[in-house]
1. Among 20, 53, 82, rank each residue by its count of other Cβ atoms within 10 Å, from fewest to most, as a rough exposure measure.
2. Could you list 90, 33 in order of exposure, starting from the residue whose Cβ has the fewest other Cβ atoms within 10 Å?
3. If I take R0 = 22 Å and measure r between the Cβ atoms of residue 38 and residue 65 in this structure, what FRET efficiency does the formula 1/(1 + (r/R0)^6) give, to the nearest 0.05?
4. Can you give the extra length, in nm with one decimal, that the chain gains between residue 89 and residue 51 once fully stretched, where that is 0.36 nm per residue apart less the Cα-Cα distance?
5. Return 62, 75 ranked ascending by Cβ neighbour count within 10 Å, so the fewest neighbours appear first.
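Each reported figure results from applying straightforward, stated rules to the coordinates on display, with no laboratory input. Nothing here was measured: the structure is a model prediction, and the numbers come from that model. Glycine gets a Cβ as well: all are built from the backbone with ideal geometry, and neighbour counts include every protein chain shown.
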């Protein structure tokens with residue numbers, strides 16, 4: 001008899017307020033923040049890197065992922081030939097080039113690395 005009274009008191013359960021949107025709102029907010037903090041900047045960097053790779057030409061000084069610095073002697077569709085020392089040439093894949101090095105006009109030697117923004 002005591003248990004029945006307890007069930008009778010809780011039978012009027014409160015209906016959820018706010019509906020379906022309020023349940024999914026935190027998940028939607030997390031996705032929006034993730035998009036603006038991670039996905040959008042990464043897409044921008046990818047686009048800048050692709051523009052860099054398309055603008056490569058013979059005579060440019062570049063830095064590779066491995067830290068190799070050299071002057072481009074030949075550009076193919078997927079491979080770039082770098083001269084790293086007098087008479088020493090290596091072939092690297094185009095996507096492994098990370099940045100251009102600005103050339104000093106007086107000495108014709110690499111001066112500074114052009115920083116990505």
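1. Details: 20 8, 53 15, 82 21.
So the residues, fewest neighbours to most, are 20, 53, 82.
2. Numbers: 90 13, 33 10.
Final ranking by Cβ density, sparse to dense: 33, 90.
3. Values: r = 21 Å, r/R0 = 0.97.
That gives a FRET efficiency of 0.55.
4. Values: separation 38, 0.36 × 38 = 13.68 nm, distance 2.45 nm.
Between residue 89 and residue 51, full extension yields 11.2 nm more.
5. 75, 62
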